[in-house]
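Heads up: the structure comes next, in structure tokens.
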Amino acid sequence: MKISGTVLAAGKSSRMGCNKLLLPYKEHTIIEEVLLRISNADLEEIMIITGFERARVEGVVRKKFGNRFKMVHNDIYNMGRAESIKRAVENVPGDIDALLFIVGDKPTVKSDLINRAIDEFKRKSPSILYIMTPEGRGHPIIFAKKLFGELLELSGDTVGNELIEKYENDAIELIDDDIQVDINTPGDYEELTG
């Protein structure tokens, strides 16, 4: 079974006041940390969906990783996360069996969790696999190929939840006890780096 990974990195970071993906974290930036973690996963390829400040984000990524990742630009990123999901579906190779999504602003999602999700998906072949954390649903989330058409029909920012509900009898909930810090505000960033 072949799974392709997608890092959603197109948002405007409107609540942060600057591009949160490019904020310092550890020895580099938040987006670089996310990419290092997903790089250790058993994936056929990794796409990065860019949007806001495309040139800056792609510049940082290429400086560290060269052409290791497939860059796909979402020019209507202001329409919500669903448009980035659609770009991923439209650009995935035909022989891919599932798409794994992770957001570019959660640098605490561990490589081990990503690989655990991939292994579980490959063993059980559900329609959807998602992570449940102490705060609620987290990342990554994996969608089987048979749902790609429905992913193309999504709109706005509230994406995935309706599909999880629709396919609840063919979905796997993977429990993870770690907190996934979602960086939306300066307070979130302080929590991450404090």
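Readers should treat all values here as calculations from the given coordinates under stated rules, not as data from a laboratory. Bear in mind the structure is a predicted one, so any value in this text is a computation, not a measurement. Ideal geometry is used to build each Cβ from the backbone, glycine not excepted, and the neighbour counts take in all protein chains shown.
Taking amide hydrogens as placed 1.01 Å from N in the peptide plane, the amide H of HIS139 sits under 5 Å from that of no residue at least 5 positions away in sequence or on another chain.
Across segment 131-144, coupling constants 3J(HN,Hα) worked out from phi with the 6.51/-1.76/1.60 Karplus curve, θ = phi - 60°, read 9, 10, 10, x, 8, x, 5, x, 10, x, 10, 10, 10, 5 Hz, and Gly and Pro carry x. Using only Cα coordinates, the Kirkwood hydrodynamic radius of segment 72-169 works out to 14.1 Å. For VAL181, the residues 5 or more places off, or on other chains, whose built amide H falls under 5 Å of its own are THR108.
Note on LYS110: lysines with a C-alpha under 18 Å away, same-chain residues under 8 apart excluded, are LYS26.
Looking at segment 29-76, the GluC sites (Glu not before Pro) that sit in a DSSP loop and have at most 16 other Cβ atoms within 10 Å of their own Cβ are GLU44, GLU45.
Applied to segment 40-52, the Karplus parametrisation 6.51 cos²θ - 1.76 cosθ + 1.60 on θ = phi - 60° returns per-residue 3J(HN,Hα) values of 8, 8, 7, 10, 5, 7, 10, 9, 10, 9, 9, x, 4 Hz, with x for Gly and Pro.
For segment 18-61, backbone nitrogen atoms closer than 16 Å to the point 7 Å from LYS12 Cα along Cα-to-C-beta are found at 18-21, 51-54.
Once the convex hull of all Cα atoms in segment 3-193 is built, its volume per residue stands at 110 Å³. Identify all lysines with a Cα-Cα distance to LYS12 below 17 Å; exclude those on the same chain that are fewer than 8 residues away in sequence. Partners within reach: LYS20, LYS106. Straight Cα distances below 20 angstrom link LYS145 to the lysines LYS2, LYS70, LYS86, LYS122, LYS124, LYS166, with same-chain residues fewer than 8 positions distant left out.
Give me the net charge of VAL72's neighbourhood, meaning all other residues with Cβ under 12 Å from the Cβ of VAL72; Lys, Arg count +1, Asp, Glu -1. Working shown, then result.
Values: positive: ARG54, LYS70, LYS86, ARG87; negative: GLU45, GLU58, ASP75, GLU83, GLU90.
Cβ neighbours under 12 Å give a net charge of -1.
The H on the amide N of TYR25, modeled in the peptide plane, is under 5 Å from the matching H of ILE30, each at least 5 residues off or on a different chain.
Net charge within 9 Å of PRO93 by Cβ-Cβ distance, Lys/Arg positive one each and Asp/Glu negative one each, not counting PRO93 itself? The partial results should precede the final answer.
Details: positive: LYS2; negative: GLU44, GLU45, ASP95.
Taking every other residue near PRO93 into account, the sum is -2.
Once the convex hull of all Cα atoms in segment 2-93 is built, its volume per residue stands at 92 Å³. All other residues whose Cβ lies under 12 angstrom from that of ILE118 are scored, Lys and Arg at +1 and Asp and Glu at -1, for a net of -1. Backbone phi angles across segment 99-116, fed through the Karplus curve with coefficients 6.51, -1.76 and 1.60 (θ = phi - 60°), yield HN-Hα couplings of 10, 9, 10, 9, 8, x, 10, 10, x, 8, 5, 7, 4, 4, 5, 4, 5, 5 Hz in residue order; Gly and Pro are listed as x.
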